[in-house]
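Input: a single structure, listed below in structure tokens.
The values are calculated or read from the model by the stated rules, or taken from the named source; none is laboratory data. Computed from a prediction, not measured in an experiment: that's the story for all the values here. Calculation scope for accessible area: heavy atoms of the full protein, side chains included, ligands and nucleic acids excluded. Shrake-Rupley method; radii C 1.70, N 1.55, O 1.52, S 1.80 Å.
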Amino acid sequence: MTRDPLRVLTVCGVGMGSSLMLRMTAEEALKDLGVAAKVEATDVSSARSMNADVIIGQGLHTGEFEGVAPVVVTVTNFMDKNALREQLAERLQEVGWLS
């Protein structure tokens with residue numbers, strides 16, 4: 001099954017620092033999984049009004065996004081590609097976007 005690239009948001013409070021680092025890590029993790037995605041770094045306020053398939057951020061912020069996107073992933077280490085890849089694989093399989 002072919003689908004459009006996933007719209008993924010990496011989120012932090014201001015949308016300039018940690019969300020940019022997380023965007024790079026997310027792009028690498030999704031590439032490793034073979035998942036086509038458009039990854040954007042943004043701030044919490046903007047993310048609430050953006051239509052996304054996946055939102056990734058710190059626990060401080062991700063609780064606000066339950067129900068906003070089908071997949072919400074909480075990270076503790078923005079640079080840990082392996083941990084993020086495992087979390088994404090699990091969540092994407094749950095919603096049927098990864099076999």
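Things to note:
- Remark: the range 10-99 carries 52 Å² of accessible area per residue (probe radius 1.4 Å; ligands, DNA and RNA excluded).
- Centre separation in Å (Cα based) which lies between the range 17-47 and the range 50-99: 10
- Computed over the chain, the per-residue total of -39500 (n - 2.57) for DSSP H runs of n ≥ 4 gives a 222 nm mean residue ellipticity of -11500 deg cm²/dmol, rounded to 500.
- Taking the accessible area of the range 19-70, probe 1.4 Å, and keeping the other protein chains in place, the carbon and sulfur fraction comes to 49%.
- Share of Cα-Cα pairs in the chain lying beyond 21 Å, as whole percent: 21
- Over 13 Å [Cα-Cα, the range 42-99], rounded percent: 61
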